[in-house]
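A short write-up of the structure that comes next.
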Amino acid sequence: MSSVDFLFQGIIRAFELIFSLNPYILSITGVSIKVSGTATILGTLTAIPLACAITFLNFRGRQVLITLINTGMGLPSVFVGLFIFLMIVPAGPFGFLKLYYTQEAMILAQYILITPVICGISLAAIKAVPQPVIDTVYTLGGSRKDAVIAMLREARFGLITSVLAGLGRALAEVGAILIVGGNIAYTGSIGGIGEGLSYTRSLTTAITLETSKGEISTSIALGIILISLVLSVNILANFFQRRE
């Protein structure tokens, strides 16, 4: 079999797995969406208020905090995974929480990774709001709360872009969730594909495993779904950037 035939058959089989709604493929996709979506929501609820506080409040350590956020935007995922792993293993300081190899640990890892991304981009979007907008609010007798609301309204497209950027980073992340999640699936084969339904196996970690096992068609199917999700997020982000 030539390399072209090998690749072509792998792609055909991959689409068959997708369109047949293979339970193993669906369960992995569901875990990725659940983990990344939850981490993005939690990261947004932390990052945007923090960006507003940095913008409107003068407090000791403000510049240090900004530096930490900028550093966190490029934080290596394997370092985050290792750190959380050491914290939550049974012998670690938070071992009693029993987060070892769970989806909650994966969410925590992605939360730590994407919150600085959302916060950093949000800060840039907020700083891009013209100062006269804020000055007008105070001139008309508005409070600091009114100024924050006006600023958020003006920066809304940039804030949405920051959230989508965080979601894209979460979906594409592999190192941290592989370490803390363990890439686990329930035992028992489904249709001869995979090892049952996913527990902590995401799209990225499953691609790594299936490729090493030689299950190329499964890897391609997971890759098609992953790139479709990431591409959709990027299209939305570009749309809101153009609106801004």
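A short reminder: the numbers here are calculations on the coordinates, not readings from a lab. In this text, all values refer to a predicted model and were calculated from it rather than measured experimentally. Cβ coordinates were reconstructed from backbone atoms using ideal geometry, including for glycine residues, and neighbour counts include every protein chain displayed.
Computed quantities for the displayed model
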{"read-out": "Cβ-derived FRET efficiency at R0 35 Å, residue 124 paired with residue 26, nearest 0.05", "value": "0.40"}
{"read-out": "Net length gained if the chain between residue 60 and residue 241 were fully extended (0.36 nm per residue, minus Cα distance)", "value": "61.8 nm"}
{"read-out": "Ordering of 157-168, 128-139 by packing [mean C-beta count within 10 Å, highest first]", "value": "157-168, 128-139"}
{"read-out": "Exposure proxy order (Cβ contacts within 10 Å, fewest to most) of 173, 215", "value": "215, 173"}
{"read-out": "Pairwise FRET efficiency - residue 157 versus residue 7, Cβ, R0 = 41 Å, nearest 0.05", "value": "0.55"}
{"read-out": "Signed unit charges on C-beta, dipole axis of the chain, positive-most listed residue 97, 57, 117", "value": "57"}
{"read-out": "Segment residue 228-residue 97, extension gain: residue separation times 0.36 nm, minus the distance between their alpha carbons", "value": "43.6 nm"}
{"read-out": "Inter-site label distance for residue 184 and residue 19 at 7 Å from Cα along Cβ, in nm", "value": "3.6 nm"}
{"read-out": "For peptides 85-93, 16-24, sequence by mean Cβ density within 10 Å, most packed first", "value": "16-24, 85-93"}
{"read-out": "Overall Cα dimensions of the stretch 31-182 - principal axes, largest extent first, Å", "value": "57, 32, 24"}
{"read-out": "Principal-axis tilt of helix 77-88 within the chain, Cα atoms, nearest 10 degrees", "value": "90 degrees"}
{"read-out": "Summed side-chain charge close to residue 44 - residues other than residue 44 whose Cβ falls under 15 Å, Lys, Arg +1, Asp, Glu -1", "value": "+2"}
